[in-house]
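Everything below concerns the one structure shown next.
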Amino acid sequence: MQIDNIIASAVARAVEALYGTAPKEGSVAVSPTKKEFEGNVTVVVFPFLKASHKDPVSTGNEIGAWLVEHEPAVEKFNVIKGFLNITIRPSYWIDVLNHITETPGYGRKPVTDASPLIMVEYSSPNTNKPLHLGHVRNNLLGFSISQILKAAGNKVVKTNIVNDRGIHIMKSMLAWLRWGNGATPESTGKKGDHLIGDYYVAFDKNFKEEVSRIMEAEHCSEDEAKEKSPLMQEARRMLVKWEQGDPEVRALWEKMNSWVYAGFDESYKRLGVDFDKIYYESDTYLEGKELVLKGLEEGKMYRKEDGSVWADLTGEGLDHKLLLRSDGTSVYMTQDIGTAKLRYRDYPIDKMVYVVGNEQNYHFQVLSIILDRLGFKWGKDLVHFSYGMVELPEGKMKSREGTVVDADDLMDKMIESAREVSADRLKEFPADEAADICRMIGLGALKYFLLKVDPKKNMLFNPKESIDFNGNTGPFIQYTYARINSLLRKAGCTEPQALAEKPVLSEKEIALIQKLADYPAVVEDAARSFSPAVVANYAYDIAKEYNQFYHDYPIMKEEDEAVKKLRLLLSAETARVIRSAGELLGMEMPARM
């Protein structure tokens, strides 16, 4: 019972009845009426002028009069220029609220066997370093998009591709051999991903020093010095040995990767994200090599004199893309080709969504073309969910220089900040409950702040701003939820029931019901645009709307029992929708704060 759909359908019937022709599909635009005008919803009448052969005001008046006579939900209307503002009959809003109350899983469509299957790839970590702030945004976006797509009625497979091979992994392995002295997570007390990340940084530090010495001693350029670097040459030899299956290199690789995986699992669990299927580049790159070599045989790729294999994409307005190095080793593109083949073999995917930052726009443009060229019909249909980078007030992060914001440290900091700002609120709470609430607040603040921004935009993450209990923040929404739950507990309202009576509604009560009625459309919009920000900002808007209502209208002191029941039901349904929206964002909602 979405009012927008009811009005859109009624307007379409009105146009056909009045002017003898049905409006084009999608031409009936219904939106909330601006606060400075009278009405609940507004319809733009300009698309109907061709059918009416009249000016906008006359057309709007004719359609409005037809709606008042034929659509029970419409009480009255007014027309301002080309905009038809419609007031919904107050008693109808009670029916809307009752419909919300009686709808299990309100705002979400059921998933059936016939639902499309969408695979969402996110995270994609490298096993040479721990997760950092950039990974946090990626994981939160990917997980939230998956939740939203499922709520919109799709079957969803959440997947991860772990980049567990390549020159970067060899760098950390070589550094551990050179300077690790047999260090393990147990002997150092460090998470495995943190330990390996230290050696990745150590490699870069020593590599730079080596390059500087070569440049000074041999009077050569930096690029020439990098090519001559014994460290880099040894790392490349190690990669070749790895691809040849050298037992010693493979054993070291498996041991160090196992440390990293244990660390990743701990971070994922804290962050509240998970995966249905994990692929590993070490398994998929061979599939990619096989496809590339087959494409070479069929004349779809070409080989240079040095033995490297390339794709000529100049016909598509791009350049030439390396697919296999001269020594036969693979690049990321090769791995992604192989991974795509395995995924479509494993699942009957209708749509593939890659959640990867906008610095990889070119990569996925090329991947789509090459997959299509290799004969995979789904190549053209892949979706690159390209999101902006996240930076700190201090500037950009560089993992090889050790200047990243570690994901675990960030989560610790957010929880500690929540503990500091909540100290007075939680001083009477049992210690274990207070600690859990601080965890929810801290991580909720982090998740909401990263998800409320249009994902396509670059953003600045400010931890202090995110933890505020006022304004457009996660804690503000969580506090609203906890406030409502406290109210319902005091009222003994554990299982809200639909209203039998229809009391007179105030404007704020109507506005709140209308906001609740928007939720299904919000979920659909977020799924269509792959944007958790749509859900996040809706959650803030409805929390803000509720707090204004709560401030202006007494609930527990209300003497009219029918009105009191209405306001308690409104409160309960607002809490239910906030909790549902929070679940789509991966946010937990404390029952009390």
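The values are calculated or read from the model by the stated rules, or taken from the named source; none is laboratory data. Worth saying up front: this structure is predicted, and the values here are computed from it rather than measured. Note that each Cβ is placed from the backbone with ideal geometry, even for glycine, and that neighbours are counted across all protein chains shown. Note: accessible area is taken over every heavy atom of the protein model, side chains too, but ligands, DNA and RNA are not part of it. Shrake-Rupley method; radii C 1.70, N 1.55, O 1.52, S 1.80 Å.
So here's what we get for this one:
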| item | result |
| --- | --- |
| Qualifying residue in the stretch 307-317 (condition: open to solvent by 30 Å² or more (accessible area, probe 1.4 Å), β-branched (Val, Ile, Thr) and over 30 Å from His194 (Cβ atoms)) | yes |
| Within the stretch 15-30, tally of residues that are free of Cβ contacts under 8 Å to residues at least 24 places away in the same chain, of a type in the set (A, V, I, L, M) and either part of a helix (DSSP H, G or I) or closer than 23 Å to Val522 by Cα (or both) | 2 |
| Filter result for Val534 (part of a helix (DSSP H, G or I), open to solvent by less than 20 Å² (accessible area, probe 1.4 Å) and under 28 Å from Gly134 (Cβ atoms)) | no |
| Near pairs, Cβ below 7 angstrom, 6+ apart or cross-chain, from the stretch 31-50 (more than 21 Å from Trp93 (Cβ to Cβ)) to any residue that is among the basic types (Lys, Arg) and not in a loop (DSSP other than H, G, I, E, B) | none |
| Pairs where the first residue, in the stretch 346-361, is assigned to a loop (DSSP other than H, G, I, E, B) and the second is open to solvent by 30 Å² or more (accessible area, probe 1.4 Å) and of a type outside the set (A, V, I, L, M, F, W, C), C-beta under 7 Å, 6+ apart | Asp350/Pro116 |
| Counted residues, the stretch 92-124 - those being closer than 30 Å to Phe48 by Cα and of a type in the set (Ser, Thr, Tyr) | 1 |
| Criterion: under 36 Å from the mean Cα position of the chain (by Cα), part of a helix (DSSP H, G or I) and modelled with pLDDT of 95 or more - qualifying residue of Ala12, Ala65 | Ala12 |
| Test: Arg237 is assigned to a helix (DSSP H, G or I), surrounded by 14 or more Cβ atoms within 10 Å (Cβ to Cβ) and either out of contact with any Leu (no Cβ under 9 Å at 6 or more places or on another chain) or without any contact (Cβ under 8 Å) to a residue 40 or more places away in the chain (or both) | yes |
| Entirely in the stretch 172-231, the helices (runs of 4 or more DSSP H) that have 2 or more residues that are among the hydrophobic types (A, V, I, L, M, F, W, C) and under 28 Å from Asp406 (Cα atoms) | 192-218 |
| Strands (runs of 3 or more DSSP E) (entirely within the stretch 247-332) containing at least 1 residues that are within 21 Å of Met173 (Cβ to Cβ) and under 32 Å from the mean Cα position of the chain (by Cα) | 277-280 |
| Cross-chain or 6+ apart pairs with Cβ under 8 Å, the stretch 307-331 first and more than 23 Å from Leu239 (Cβ to Cβ), then of a type in the set (Ser, Thr, Tyr) and assigned to a strand (DSSP E or B) | Asp312/Tyr302 |
| From Lys155, Lys205, residue being open to solvent by 30 Å² or more (accessible area, probe 1.4 Å), of a type in the set (D, E, K, R) and under 24 Å from Lys277 (Cα atoms) | Lys155 |
| Index of the failed condition, Lys300 passing every other in (1) surrounded by fewer than 21 Cβ atoms within 10 Å (Cβ to Cβ); (2) closer than 30 Å to Leu585 by Cα | (2) |
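This table checks each residue for (1) surrounded by fewer than 16 Cβ atoms within 10 Å (Cβ to Cβ); (2) in a helix (DSSP H, G or I).
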residue: Ala539; (1), (2): no, yes
residue: Phe549; (1), (2): no, yes
residue: Glu559; (1), (2): yes, no
residue: Arg567; (1), (2): no, yes
residue: Arg579; (1), (2): no, yes
residue: Met593; (1), (2): no, no
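Quick grid of which residues meet (1) in contact (Cβ under 8 Å) with a residue 40 or more places away in the chain; (2) acidic (Asp, Glu):
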position	(1), (2)
Pro463	yes, no
Phe469	yes, no
Pro475	yes, no
Tyr479	yes, no
Leu487	yes, no
Gly492	no, no
Glu501	yes, yes
Ser506	yes, no
